[in-house]
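Everything on this sheet refers to the single structure shown next.
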Amino acid sequence: MTSGPPLNPLRGARITGMAAVLLALGLLAGSLNFQLLDGPRFARHVDEVRQDPAVSAEAGAVITAQILTADPDLVVARPLVQAAVVAVVGSDAFSPVVRFAAQEAYRTLTEDRSGPVSLRLTDLGAVVAGALPELAPGVAAKLPPNFAVTLAEVDQTSLVARVVHLAHLLALLAWLLPALGLLLLIAGWWRAQDRPAGAVRTGRAVAAAGAGLGLLTLIGALAAARADTSTLRGALLAAGWGTLSSGLWWTAGATVLAGVVLALVSAGREPRPTVALGHAWRWVSRPPERSAAQVVRGMAFVAAGAAVLVSPTVTVQLLTVLAGVFLVLLGVEQIGRLVPRPALRARTAVREPGLGSRRGRAVGAVVAVALLIAVLLVGILPTQRGIPAATAADSSTCNGHVELCARRYNDVAYPAAHNAMSAVDEPGWFLAEQPTGPVGLLERGVRVLLIDTWYGQPTTRAGFTVTAPRSYAAALAASKDDNDPAVVISALRLRAALTPATTGPPVPYLCHGLCETGSTPLEPVLRDVGAWMRIHPREVVTLFIEDSVTPEDTAAVFDQAGLLPLVHTPVPGQPWPTLGSMIGSGHRLVVLSERKGGGALHPWLQQGFDVVQDTPYTNPTPADLVCTLNRGAASDPLLLINNWLSGFTTLVSDARKVNARSVLQPYVDRCRAERERLPNYVAVNFVDQGDLFAVVDHLNGFG
């Protein structure tokens with residue numbers, strides 16, 4: 001047996017104990033570092049905390065108090081004011097505003113600069129105040145002019161700032177502590193007189209580190225559970241820890257699992273979780289003989305019972321983690337039974353490679369270490385977003401159905417997303433109208449993307465785009481018509497207060513009017529759409545562009561994005577092709593523009609309302625959803641159904657209401673009868689709400 005220099009057993013225990021402590025603290029630092037030291041991820045956590053009912057209720061109370069301070073006469077309507085504010089603060093449609101505000105506050109806190117940060121939060125208050133006219137019109141009429149709510153003011157010396165700056169220390173500790181712990185583990189194993197025994201001790205130290213992290217997480221969870229959620233501070237503490245602790249639980253459980261596997265395989269034993277469960281049950285059910293053991297067991301029972309009484313939710317989380325570890329070990333045990341067992345051959349006593357052999361222990365240890373590295377990487381490193389992996393496509397289908405291949409393009413209904421670029425999961429979008437961006441919508445089954453293009457300019461403020469001067473007047477007018485006035489006011493205040501310098505020429509962006517209220521560069525999105533289409537070769541996709549960018553510049557961006565080989569060019573006087581022929585030719589991207597077509601130079605860029613007719617899109621209530629002609633001509637071959645309501649503060653609940661099959665299907669059937677043609681594009685907000693895809697299948701004769 002290979003061995004290192006003799007090592008005092010007591011000293012070896014101390015080394016592995018120190019290693020376990022350093023590794024546990026390093027895992028804690030690494031998990032918190034991952035969750036706190038990235039602006040967008042920090043903003044997502046803030047938004048998750050904001051959606052907690054206790055937090056939104058207490059934040060609503062704070063805002064209400066400021067409103068009443070501004071106009072004491074409104075005290076008579078306090079319940080109405082507070083109910084309206086809480087509804088806005090807790091709504092899903094508020095996510096982009098909160099995330100953008102959190103990112104700006106985070107950036108200010110982490111930059112080396114002085115002075116308070118309240119701009120974004122003040123801007124946030126303006127949006128809240130702007131929502132009151134719809135939710136409480138009588139109250140809104142009494143608000144003082146230019147009223148703004150400051151939710152908080154944070155400077156470089158405040159507690160929040162100190163916490164954020166302290167978090168930067170985690171960036172150092174996140175790699176330093178685990179590195180020191182691993183070095184000590186390696187040193188202890190290398191100097192062990194019995195290397196396999198040293199490997200067992202190493203596995204136990206790793207498991208102990210995971211258990212230590214779990215204990216720290218449990219203590220934090222119990223403390224957060226005792227927070228007074230009737231105060232904003234307590235509600236923030238409870239919700240904030242709840243947001244952070246899920247990652248800690250995962251990391252703790254994965255580390256315990258890796259350590260147990262490493263210890264068992266190093267000892268030449270397979271994981272036997274069922275046996276361990278039996279031992280645990282006997283320890284619980286049979287009183288030990290020694291009084292000291294009885295005291296320990298009694299204290300364990302008392303602690304467990306107290307934890308259940310104090311925080312049932314935390315107990316459920318802990319039991320879930322333990323159940324997951326048990327199931328994984330059970331799976332490892334089942335797989336381990338396939339490994340040959342050690343056997344003594346007659347007279348030669350030659351041992352076969354198995355878990356008990358030297359070779360088997362080495363292989364098992366390598367597998368266990370690989371498992372530890374894998375689970376730590378998955379638990380701590382960020383998840384990369386990108387184009388979904390290609391899937392095996394059925395070569396006989398067209399847009400998911402064999403029957404659609406023989407139908408002409410204008411004889412098929414397609415799920416459509418209104419304002420497809422305005423996404424909740426994209427930073428900086430005020431009042432987003434879709435759960436995710438264009439590629440994510442395609443993944444969900446959407447095949448028509450309604451997008452708006454404007455000229456914007458990037459600025460010295462990362463992630464902040466301003467509307468280019470050539471588009472500003474038109475964008476401002478469009479925003480006033482299509483957006484919540486409070487959002488427009490917020491965007492203008494934001495631009496005036498930041499006065500960022502532009503860093504490049506005007507280029508096409510996806511914006512909903514003013515780029516200050518949300519923007520995404522057009523070319524990368526088109527490139528991603530092309531990549532998605534190439535790995536889904538049996539899909540026909542349509543882009544319907546509300547264009548404030550010239551046809552020449554639009555064509556140039558399509559060329560840069562590599563989409564021109566995919567575009568469909570209509571043949572004058574000829575009917576629409578079938579989906580099968582479009583897919584066979586490769587020209588399966590239909591591109592329509594609302595205002596200006598591409599003419600003879602770019603014939604694939606069709607003037608949309610020369611071939612499309614639509615329904616009205618300013619519908620206050622479901623009763624206002626009518627089928628009368630809005631744009632286009634009654635003879636146009638394609639029909640666009642605009643199925644959304646015009647409210648700004650209830651976007652998600654409105655989408656859930658009008659996208660429901662009980663509302664949407666009768667509406668499209670009525671329009672089909674009145675307009676005497678198939679509704680081709682069924683456009684909605686928040687495609688993940690309601691039954692859009694079932695209704696489109698109904699129109700196509702499926703389901």
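Quick notes on this structure:
- Rg over Rh, two decimals, the range 492-601 (C-alpha only, Kirkwood Rh): 1.05
- Of the whole protein surface, D559 contributes about 100 Å² of accessible area at a 1.4 Å probe radius.
- Computed over protein heavy atoms with a 1.4 angstrom probe, the accessible surface ordering of T550, T69, largest first, is T69, T550.
- The largest accessible area among L176, L510 belongs to the first residue in L176, L510, and the rest follow in falling order (1.4 Å probe, all chains).
- Nearest-10 value in Å² for the accessible area of M299, using the 1.4 Å probe: 130 Å²
- Ranking T320, T467 from most to least accessible surface, computed with a 1.4 Å probe over the protein chains only, gives T320, T467.
- Extension gain for the segment T550 to V295, taken as residue separation times 0.36 nm less the Cα-Cα distance, is 83.7 nm to one decimal.
- Separation in nanometres of the label points that stand 7 Å from Cα toward Cβ, at I186 and Y472: 5.9 nm
- Taking the C-alpha atoms of the range 549-703, convex hull volume expressed per residue in Å³: 142 Å³
- Listed values for the range 433-439 are Karplus-derived 3J(HN,Hα) couplings in whole Hz (6.51 cos²θ - 1.76 cosθ + 1.60, θ = phi - 60°), namely 10, 9, x, 7, x, x, 5, and x replaces Gly and Pro.
- The range 590-616 residues near the modelled A633 label - backbone nitrogen below 20 Å, point 7 Å along Cα→Cβ: 592-600, 603-616
- Note, ³J(HN,Hα) from phi for the range 505-516, Karplus 6.51, -1.76, 1.60, rounded to Hz, x at Gly and Pro: x, x, 9, x, 10, 8, 9, 9, x, 4, 5, 5
- In sequence order, calculated HN-Hα J values of the range 693-699 (Karplus, 6.51, -1.76, 1.60; Hz; x Gly/Pro): 5, 5, 5, 5, 4, 4, 5
- The accessible area of S422, taken with all protein chains in place and a 1.4 Å probe, comes to roughly 0 Å².
The values are calculated or read from the model by the stated rules, or taken from the named source; none is laboratory data. Model, not experiment: these values are computed from the prediction. A quick note on method: Cβ atoms are made from the backbone with ideal geometry, for glycine too, and the neighbour counts reach across all protein chains shown. These area figures cover heavy atoms from the full protein model, side chains too; ligands, DNA and RNA do not enter into them. Shrake-Rupley method; radii C 1.70, N 1.55, O 1.52, S 1.80 Å.
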